[in-house]
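The values are calculated or read from the model by the stated rules, or taken from the named source; none is laboratory data. Just so it is clear, the structure is predicted and the values come from calculations on it, not from any experiment. Reconstructed Cβ throughout: ideal geometry from the backbone, glycine too, with neighbour counts over all protein chains shown. All accessible areas refer to the heavy atoms of the entire protein, side chains included, with ligands and DNA or RNA removed. Shrake-Rupley method; radii C 1.70, N 1.55, O 1.52, S 1.80 Å.
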Amino acid sequence: MTGLTGAYVPGGSFLHRLPAGAKLAGLALSCTALLLLRSPAALAGAAAVVVLLYAVSGVGVAAAWAQVRPVRWFAVALFCVQLVFADLPAAASSTLRVVLAVALAGLVTLTTRTSALMACLERCLAPVRFAGLDPFRLSLLLSLTLRSVPVMADLVTRVREAQRARGIERSARAFAVPLVVGALRHADALGEALAARGLDD
Amino acid sequence: MIRLEDVHVRLGQREVLRGVTASLTERRVGVVGANGSGKSTLARLINGLVLPSSGTVTVSGLDTRRQAARIRRSVGFLFTDPDAQIVMPTVAEDVAFSLRRKGLAREEVERRVREVLERYGLAEHADHPAHHLSGGQKQLLALCSVLVLEPEILVMDEPTTLLDLRHSRQVAALLRDLPQQVVVVTHDLPLLEDFDRVLVVDEGRIVADADPAAAIGHYRKTMA
Ligand SMILES: Nc1ncnc2c1ncn2[C@@H]1O[C@H](COP(=O)(O)OP(=O)(O)O)[C@@H](O)[C@H]1O
Ligand SMILES: [Mg+2]
């Protein structure tokens, strides 16, 4: 699994030490800037800055690649479509824009602990208290989602293996039913574990 | 001290426990029984995850019906499947999650987390995603997240069922050294050899309650 799922790479770089809120604000600003940059030359400059930031963070090439890998086919498709309907500079710019935005978002998750993101989110969400919601619960929801991605991925693998073992690979129902049952069972167990850990105090 | 008085539990149409009475004061109590006999239900009663349909369950004098939240603070619970009880994406964060309501300074939280991870050999994984751990290490992490709260009582529902021999031995050794009262549901009979007391559950009733040798002997006979 890649991307958001606990991708934090420990380190002491200046990016690691920056507060989560500052990084999120920086991310929002940079993405806006990326949208405003028009010329391929300016975007190439932006790409150089992103590469430099990755180098400073010291997360390594593998971790960097893991961030953009999920969008690689989308990027290729986007490039080709733009090439047909526009021209080469336009295709290069818009593709670069998407890849750089994804890379920057990835850099934030690579250098920020989920707990720091959660704490930041909890502070930002403080106003929802007035609407009768609990910011802690909302940010917990985010963590649980992040945590559940690899668990569900494991479940998919197990269901596929069980299907293959029984030679019913092609049946959609034989895939969906155990998957849904497994997901519901996990949700039940998670709820119980949260209660046991004193969530509903 | 755990007290069950004529406890009945009905889940849906089924009478899962039918009149269980016991006072558990020993330090190491084991629970064995066939699949579906009601062991997990019995374990869940102790921290109020399941409430009796009739009868009462008290822990240190508190009734689980009225004071479940307070009881859960002194009763740690370890489930069979560690994936369900690890709720944070990374190792140290999951342990820290247990301490969130303690009102401790951040340094103190970090110190306690580090200490417990070191004790159970997970210190080098502190910042790793939980899903990179092996099954045995995940169970150890779940245990760390429970023990960091220093509960008075620890209830475990088949903690070694998903573990290999080496990791289940590690858990067994660890159980021996824990200072708190421990109630363990298990099919791992050797684990119970040096326990103080073993209950045998069958079809929702306690059918034997004795020292490990006698209780396990009875259990083997009924299963034959
Ligand atoms: N929520 C539920 N609704 C209905 N029946 C249940 C529920 N939970 C457990 N049971 C049934 O209660 C019986 C005892 O379950 P359990 O305490 O989990 O047994 P054990 O842990 O000994 O295998 C089983 O037959 C099980 O099917
Ligand atoms: Mg059970």
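Brief remarks follow.
- Shape call, the stretch B:34-95: gyration tensor on alpha carbons, a/c limit 1.5: oblate
- Entry comment: accessible area of chain B is 44 Å² per residue, from protein heavy atoms only and a probe of 1.4 Å.
- Beta bridges by DSSP in the protein assembly as shown, antiparallel share as percent, to the nearest 5: 55 percent
- Surface share of carbon and sulfur [accessible, 1.4 angstrom probe, percent] for the protein assembly as shown: 60 percent
- For the stretch A:2-196: rounded, prolate or oblate by the Cα gyration tensor [a/c cutoff 1.5]: oblate
- Centre separation in Å (Cα based) which lies between the stretch B:113-131 and the stretch B:24-85: 27 Å
- Ranked by the mean number of other Cβ atoms within 10 Å of their residues, highest first, the peptides B:113-123, A:113-123 fall in the order A:113-123, B:113-123.
- For the stretch A:94-158 versus the stretch B:1-21, the gap between their alpha-carbon centres in whole angstrom: 42 Å
- Chain A - accessible surface per residue (Å², probe 1.4 Å): 56 Å²
- Summing charges over neighbours of residue A:120, with a neighbour being any other residue whose Cβ is under 13 Å away from its Cβ, gives +2 when K and R count +1 and D and E count -1.
- When accessible surface is computed with a 1.4 Å probe, chains B and A are found to bury approximately 2600 Å² between them, both chains counted.
- Spin-label model distance (nm) - residue B:173 vs residue A:87, 7 Å beyond Cα toward Cβ: 7.2 nm
- Only Cα pairs under 8 Å and 6+ residues apart enter the sum, and on that basis the relative contact order of the stretch A:31-145 stands at 26 percent.
- Ellipticity at 222 nm from helices only: DSSP H runs of n ≥ 4 in chain A, each -39500 (n - 2.57), divided by the residue count, give -25500 deg cm²/dmol.
- Listing of the stretch A:154-201 residues, each with accessible area lower by at least 50 Å² in the full protein assembly than in the chain alone (probe 1.4 Å): A:192, A:196, A:197, A:201
- Cα gyration tensor shape for the protein assembly as shown, rounded if a/c is under 1.5, else prolate or oblate: prolate
- Reduction of at least 20 Å² in accessible surface, 1.4 Å probe, comparing all protein chains with the chain by itself, residues of the stretch B:81-95: B:83, B:84, B:85, B:86, B:87, B:88, B:89, B:90, B:93
- Value of relative contact order over chain B, rounded to a whole percent, pairs C-alpha under 8 Å and six or more apart: 27 percent
- Across chain A, the relative contact order, built from alpha-carbon pairs under 8 Å that are at least six residues apart, equals 26 percent.
- Taking the helices alone, chain B has a mean residue ellipticity at 222 nm of -10500 deg cm²/dmol, built from -39,500 (n - 2.57) per DSSP H run of at least 4 residues and averaged over all its residues.
- The string of couplings for the stretch A:102-113 from the Karplus curve (6.51, -1.76, 1.60, θ = phi - 60°) is 5, 4, 5, 4, x, 4, 5, 5, 5, 10, 10, 5 Hz, one whole number per residue in order, with x for Gly and Pro.
- Here the label points at residue A:187 and residue A:166, each 7 Å from Cα along the C-beta direction, are separated by 2.2 nm in the simple model.
- Here's the list of lysines a cross-link from residue B:138 could span, going by alpha-carbon distance under 25 Å and ignoring same-chain residues fewer than 8 apart: B:39, B:102.
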